[in-house]
1. State yes or no: is SER213 more than 30 Å from LEU57 (Cβ to Cβ) and among the hydroxyl-bearing types (Ser, Thr, Tyr)?
2. Mind checking which pairs have a first residue in region 21-42 that is over 17 Å from HIS238 (Cβ atoms) and a second that is within 7 Å of the ligand (Cβ to nearest atom) and assigned to a strand (DSSP E or B), Cβ under 9 Å, 6 or more apart or different chains?
3. Among ILE103, ILE149, which is under 29 Å from VAL165 (Cβ atoms) and surrounded by fewer than 17 Cβ atoms within 10 Å (Cβ to Cβ)?
4. Which residue out of GLU131, GLU168 is at pLDDT 95 or above, part of a helix (DSSP H, G or I) and either surrounded by 16 or more Cβ atoms within 10 Å (Cβ to Cβ) or not basic (Lys, Arg) (or both)?
5. If you take the residues in region 135-166 that are free of Cβ contacts under 8 Å to residues at least 60 places away in the same chain and within 20 Å of the chain's Cα centre (by Cα), which one is farthest from VAL191 (Cα to Cα)?
6. Conditions: (1) surrounded by 10 or more Cβ atoms within 10 Å (Cβ to Cβ); (2) in contact (Cβ under 8 Å) with a residue 24 or more places away in the chain; (3) under 29 Å from LEU279 (Cα atoms). ASN173 meets all but one. Number of the miss?
7. Give me a count of the residues in region 142-161 that are more than 20 Å from ALA193 (Cβ to Cβ) and in a helix (DSSP H, G or I).
8. Output yes when any residue across region 220-235 is crowded, with 19+ Cβ neighbours inside 10 Å, under 28 Å from ALA50 (Cα atoms) and not charged (D, E, K, R), and no when none is.
Amino acid sequence: LADLKSVLVTSVLNLEMLDVDLYRGTHHWVPRGQRLFGGQIVGQALVAAAKSVNDNLFAHSLHCYFVRAGDPKVPVLYQVERTRDGRSFTVRSVKAIQHGQPILICQASFHTLQPSPLQHQFTMPGVPQPEDLLTVEELIHLYLSKPDIAENAKQGLNKLLANEVPIEVKPVNPPHFYRLSAAEPKQLFWVRARGHIGEGNMKLHCCVAAYVSDYAFLGTALLPYPNYRAKFSASLDHAMWFHSTFRTDEWMLYECESPWAGGSRGLVQGRLWRRDGVLAASCSQEGVLRVKPVMEPSKL
Ligand SMILES: CC(C)(COP(=O)(O)OP(=O)(O)OC[C@H]1O[C@@H](n2cnc3c(N)ncnc32)[C@H](O)[C@@H]1OP(=O)(O)O)[C@@H](O)C(=O)NCCC(=O)NCCSC(=O)CCCCC(=O)O
């Protein structure tokens with residue numbers, strides 16, 4: 001099974017070319033809210049941008065705004081504008097369009113490989129290796145095997161199991177499903193694409209990382225508030241910087257933290273680490289977070 005090509009490569013990020021700099025993308029997994037997954041739109045926008053740049057250029061950053069909800073009933077069109085081709089840097093602007101209107105605007109920048117004596121990075125947090133941790137699905141099965149589990153919790157967890165998310169996740173501190181105590185706005189999990197991608201195509205791995213980086217990211221800002229549940233949450237913007245080569249079909253550590261929340265918004269920042277301790281990418285996102293108090297069992 002591990003040798004099966006990742007659906008992210010065969011389908012999600014495999015855009016159909018309609019014309020010069022115009023592509024069409026289809027959907028795979030749609031989250032519960034029935035709006036398109038932001039990571040899918042960002043990943044596809046980066047694929048579209050990357051198709052118009054030379055092979056000697058590598059994605060080094062992207063900046064996106066999600067301006068409308070993506071509609072899962074229709075495909076997304078990606079229109080690329082060749083903003084600038086420089087000697088070292090090349091910039092592309094991509095508009096993701098549905099029903100004739102933009103749902104995402106994205107700027108992506110590409111850079112030639114350049115040596116530099118300036119080189120530093122933070123140190124990767126010390127955590128258990130992925131082989132010593134359980135996947136989210138295994139954790140859910142464990143939880144479901146408890147005799148005293150409430151019927152509504154069972155239904156919610158079974159819905160989670162039925163999700164066909166094309167990425168595998170192993171939380172470092174397994175969540176207490178339906179947890180009741182406040183936690184620091186920080187989380188760590190190992191993550192990788194399901195299936196095989198292979199080494200070699202760094203642009204493709206950046207597109208997969210863009211997909212992966214939006215998963216469970218904004219939820220970091222909700223960790224201190226177990227007494228509130230999001231009645232509406234969506235990413236507003238998303239930025240990424242790529243630092244080194246990496247493989248997204250191998251385990252990477254996603255270190256997420258939320259330095260701030262307020263005004264119905266939350267800010268999250270993340271670092272994707274290669275398991276050998278090399279910093280692969282950094283991410284930032286602000287999202288809208290409209291919450292409501294969790295009802296006590298007696299009031300349900
Ligand atoms: C909705 C966005 C963010 C901004 O919307 P806004 O300017 O408010 O637009 P409106 O069209 O006016 O309103 C939309 C909706 O919200 C209600 N609304 C507006 N203001 C308020 C308010 N102050 N209080 C309460 N409710 C308010 C308004 O009534 C409308 O409700 P509706 O009529 O029921 O629709 C907009 O920019 C947008 O949608 N952007 C796209 C965001 C997006 O789709 N991001 C990517 C997807 S999120 C994601 O993928 C996260 C990962 C999930 C996976 C995981 O981690 O598990």
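The values are calculated or read from the model by the stated rules, or taken from the named source; none is laboratory data. Fair warning: this is a prediction, and the values are worked out from it, not measured in the lab. We place every Cβ from the backbone using ideal geometry, glycine too, and count neighbours over all the protein chains shown.
1. Values: more than 30 Å from LEU57 (Cβ to Cβ): no; among the hydroxyl-bearing types (Ser, Thr, Tyr): yes.
Taking the combined requirement at face value, the residue does not satisfy it.
2. Nothing qualifies.
3. Values: ILE103 fails: surrounded by fewer than 17 Cβ atoms within 10 Å (Cβ to Cβ).
Criteria check complete, one pass: ILE149.
4. Values: GLU168 fails: part of a helix (DSSP H, G or I).
Just one listed residue meets the conditions, GLU131.
5. ALA162
6. Here ASN173 meets the rest and fails (2).
7. Of the residues in region 142-161, the ones more than 20 Å from ALA193 (Cβ to Cβ) are 142-159.
With in a helix (DSSP H, G or I) added as a condition, the list becomes 142-144, 151-159.
The qualifying residues number 12.
8. Looking for residues that are crowded, with 19+ Cβ neighbours inside 10 Å, under 28 Å from ALA50 (Cα atoms) and not charged (D, E, K, R), one finds at least one in region 220-235, hence yes.
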